[in-house]
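A quick write-up on the structure given underneath.
The values are calculated or read from the model by the stated rules, or taken from the named source; none is laboratory data. Worth saying up front: this structure is predicted, and the values here are computed from it rather than measured. Note that each Cβ is placed from the backbone with ideal geometry, even for glycine, and that neighbours are counted across all protein chains shown.
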Amino acid sequence: MPQSLSSLQFDNSFVQELPADPNSSLHSRQVQHACYSRVAPTPVSNPTLVSLAPEVAELLDLRPEELDAAEVARTFSGNQLLPGMEAYASCYGGHQFGNWAGQLGDGRAIGLGGCRGGFEAQAVSKGQWRLWQAAVRSRKLTW
């Protein structure tokens, strides 16, 4: 069982298996023929942990009472990437005001990586992990 955030295992199949934006510059633009762009979360000053859901920590096989509040705040504010995290913004399109708006900026969230957590009850013998997506809410520009 992992004891700290830094001991979590990340399985970034999303960024490893889908086509990436070849343009690594960090500015708003149309992204063609890719499912995501690599990004860097914008640091915030003095992040503070306001609340922690023990049920979510347990899904990741973490003991909530043993977590370092400052590390949790740094990680989920986007100020620190844990070993194995790969930050990205997904490409998506959609409707706005009843009309197809085409490709939209990913202002929803920045993906930090797929994190392995507790075994599926029916899959323990097969050793299949659940995969939980860690993300930080976007606070500034849309990508």
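For the reader, a short list of remarks on this structure follows.
- Per the conditions (1) under 19 Å from Ile110 (Cα atoms); (2) in a loop (DSSP other than H, G, I, E, B), the sole criterion not satisfied by Asp61 is (1).
- Exactly one residue among Leu5, Leu49, Leu67, Leu62 is within 16 Å of the chain's Cα centre (by Cα) and within 17 Å of Ala134 (Cβ to Cβ), and that residue is Leu5.
- Here the range 53-97 is the region considered, the condition is being touching a residue at least 60 places away in the same chain (Cβ under 8 Å) and touching a Gly at 6+ places or on another chain (Cβ under 6 Å), and the residue that is surrounded by the fewest Cβ atoms within 10 Å (Cβ to Cβ) is Leu59.
- Residue satisfying condition, being closer than 19 Å to Arg74 by Cα, β-branched (Val, Ile, Thr) and in contact with a Phe, Trp or Tyr (Cβ under 9 Å, 6 or more places away or on another chain), within set Val56, Val44: Val56
- Any pair with Cβ under 6 angstrom, 6 or more apart, that starts in the range 34-50 at a residue that is among the aliphatic types (A, V, I, L, M) and ends at one that is assigned to a loop (DSSP other than H, G, I, E, B): Ala34/Pro19; Ala34/Asp21; Val39/Ala87; Val39/Trp143; Val44/Ser77
- Identity of the residue in the range 109-128, at pLDDT below 75 and in contact with an Asp or Glu (Cβ under 7 Å, 6 or more places away or on another chain), that ends up surrounded by the most Cβ atoms within 10 Å (Cβ to Cβ): Gly117
- Only one of Asp61, Asp21, Asp11 that is within 25 Å of Gly102 (Cβ to Cβ) and among the acidic types (Asp, Glu): Asp21
- Among residues of the range 10-26, those that are of a type in the set (Asp, Glu) and at pLDDT 85 or above, counted: 2
- Selection status of Ser13, hydroxyl-bearing (Ser, Thr, Tyr), within 14 Å of the chain's Cα centre (by Cα) and surrounded by fewer than 17 Cβ atoms within 10 Å (Cβ to Cβ): yes
- Filter result for Val50 (loosely packed, with under 15 Cβ neighbours inside 10 Å and hydrophobic (A, V, I, L, M, F, W, C)): yes
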